[in-house]
Amino acid sequence: MTEHAGASEPLLSGLGIIGLGQMAQALLLPLLEQGDVRPAAVRAVVASPASAERLQQQLQVAVCAAADGQAAAAWQAPVVLLAVKPQQLAAAATAAADAAAAVRAAHSRSGASAAASATPPASGSAAFASPAAPSEHGDASPAASPAASSAHSDESPLLISVLAGVSLARLQASFPGWRVVRAVPNTPCLVRAGITGLAWGEQLSDGQRHCVRQLFGRVGQVLELPEPQLDGLLAVASSGPALMAVVIEALADGGVAAGLPRALAQELALAMTGGTVALLQQKGLHPGQLKDMVSSPAGTTITALRQLERGSVRSALIEAVLAAAERSRALG
């Protein structure tokens, strides 16, 4: 990793990706397009060989299955993006520990330097820095900390987790010695209109923070928050798109019930939603102000709003957000 990317120097010297689903792909593609990381410096791990083959052809980066012997190379990158399901955290920690153990074994056999021993044989592997072996006094299952590296150095490997609800404390316990960041991106990142909340672990260098900000800044707005606020951000920004999708679908269904063709009803619901957001943002209006602007005495809108209140729609949305936040806390 570099402190600051120059005109000919990429932002990331190497990137490992554990789990290459839609979100991880959304984060990777802008980095490749803008030269922030070279394709040869990316190693990704997915569940199945079939997925690995398909994604490797699609993205033109090295992708392998978790059971493949080359999967350890992804854990030897200076920056690792952990993008699996929360339930797979323990398996990921074990894989990282196994990779570190393989580095130790290579050191023991060859007596070569840590950087030389840990370099994977695949093309472009020189871009990877190697995390050192775990402490002999630490837990045998989690991944280990780097050796011969200052706690404030960019040579210390950085783990960026996008696992919903998994706390910094749990990440640090699973990956002792790594520098960890908890990120909460939302689905609109797929079209580079997202929101990502960040909470920093301990001892990150300025260069590491810069790289994380740049990575998520490529796909939308970045907010740095105290970790306790990430559960609320997740509930509103990450679960919110699903809630809004239900609202938009219901509005379109209402249009169909009122006699509109399905395609037109959906088009109107989408356009109205986008226009409403733009109006609120550009005019700096509170949502209540806009509601009052549209609601004429004894008119159609206030009649519609009355029906929403009868159905407790406002309360249902509030409770849905609170439930999502509570579930996020429980996952941590």
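Please give the number of the condition Ala269 fails out of (1) farther than 30 Å from Pro10 by Cβ; (2) at pLDDT below 95.
Exception for Ala269: condition (2).
For every residue, the table says whether it meets (1) modelled with pLDDT of 95 or more; (2) more than 12 Å from Arg182 (Cβ to Cβ).
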{"site": "Trp200", "(1), (2)": "yes, no"}
{"site": "Ser205", "(1), (2)": "no, yes"}
{"site": "His210", "(1), (2)": "no, yes"}
{"site": "Gly217", "(1), (2)": "yes, yes"}
{"site": "Gln229", "(1), (2)": "yes, no"}
{"site": "Leu233", "(1), (2)": "yes, no"}
{"site": "Ser239", "(1), (2)": "yes, yes"}
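In region 48-79, how many are among the polar types (S, T, N, Q) and open to solvent by less than 70 Å² (accessible area, probe 1.4 Å)? Even if it seems obvious, please write down each step before you answer.
Going residue by residue through region 48-79, those that are among the polar types (S, T, N, Q) are 48, 51, 56-58, 60, 70, 76.
Applying the additional criterion that residues be open to solvent by less than 70 Å² (accessible area, probe 1.4 Å) yields 48, 51, 76.
Here the count works out to 3.
Could you run through region 208-221 and say how many residues are open to solvent by 30 Å² or more (accessible area, probe 1.4 Å), assigned to a helix (DSSP H, G or I) and touching a helix residue (DSSP H, G or I) at 6+ places or on another chain (Cβ under 8 Å)? Can you show your working first?
Taking region 208-221 first, the residues open to solvent by 30 Å² or more (accessible area, probe 1.4 Å) are 209-210, 213-214, 217-218, 221.
Applying the additional criterion that residues be assigned to a helix (DSSP H, G or I) yields 209-210, 213-214, 217.
Of the ones still in play, those that are also touching a helix residue (DSSP H, G or I) at 6+ places or on another chain (Cβ under 8 Å) are none.
The number of residues fulfilling the criteria is 0.
Is there any pair with a first residue in region 222-240 that is assigned to a loop (DSSP other than H, G, I, E, B) and a second that is open to solvent by 30 Å² or more (accessible area, probe 1.4 Å) whose Cβ atoms are under 8 Å apart and which are 6 or more apart or on different chains, and what are they?
Pairs that qualify, where the first residue is assigned to a loop (DSSP other than H, G, I, E, B) and the partner is open to solvent by 30 Å² or more (accessible area, probe 1.4 Å), are Ser239/Ala320; Ser239/Val321.
Rundown of residues vs (1) under 22 Å from Ser167 (Cα atoms); (2) at pLDDT below 95, yes/no style:
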| residue | (1), (2) |
| --- | --- |
| Gly16 | yes, no |
| Leu20 | yes, no |
| Pro39 | no, no |
| Val42 | no, no |
| Val79 | yes, no |
| Ala83 | yes, no |
| Ala95 | yes, yes |
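Look through Ala62, Ala47 and report the one residue that is in contact with a Lys or Arg (Cβ under 7 Å, 6 or more places away or on another chain), touching a residue at least 12 places away in the same chain (Cβ under 8 Å) and more than 19 Å from Phe216 (Cβ to Cβ).
Criteria check complete, one pass: Ala62.
Which residue is nearest to the chain's Cα centre (by Cα), if the candidates are limited to region 23-47 and must be open to solvent by 40 Å² or more (accessible area, probe 1.4 Å) and closer than 20 Å to Val184 by Cα?
The qualifying residue nearest to the chain's Cα centre (by Cα) is Met23.
Identify all residues within region 256-280 that are within 21 Å of Gly240 (Cβ to Cβ) and of a type in the set (A, V, I, L, M, F, W, C); write none if there are none.
Ala269, Leu270, Ala271, Met272, Val277, Ala278, Leu279, Leu280
For region 41-99, which residues satisfy the criterion of being within 16 Å of Arg170 (Cβ to Cβ) and among the basic types (Lys, Arg)?
Answer for region 41-99, where residues must be within 16 Å of Arg170 (Cβ to Cβ) and among the basic types (Lys, Arg): just Lys85.
Which pairs turn up if I take residues in region 270-284 that are closer than 15 Å to Val294 by Cβ and open to solvent by less than 40 Å² (accessible area, probe 1.4 Å) and look for partners that are modelled with pLDDT of 95 or more and not aromatic (Phe, Trp, Tyr) with beta carbon separation below 6 Å, at least 6 apart in sequence or on another chain?
Thr273/Ile248
The values are calculated or read from the model by the stated rules, or taken from the named source; none is laboratory data. Bear in mind that the values here come from a model prediction, so they are computed numbers and not experimental data. Because the Cβ atoms are built from the backbone with ideal geometry, glycine has one as well, and the counts that use them run over all protein chains shown. Accessible surface areas use protein heavy atoms only, side chains included; no ligands, DNA or RNA. Shrake-Rupley method; radii C 1.70, N 1.55, O 1.52, S 1.80 Å.
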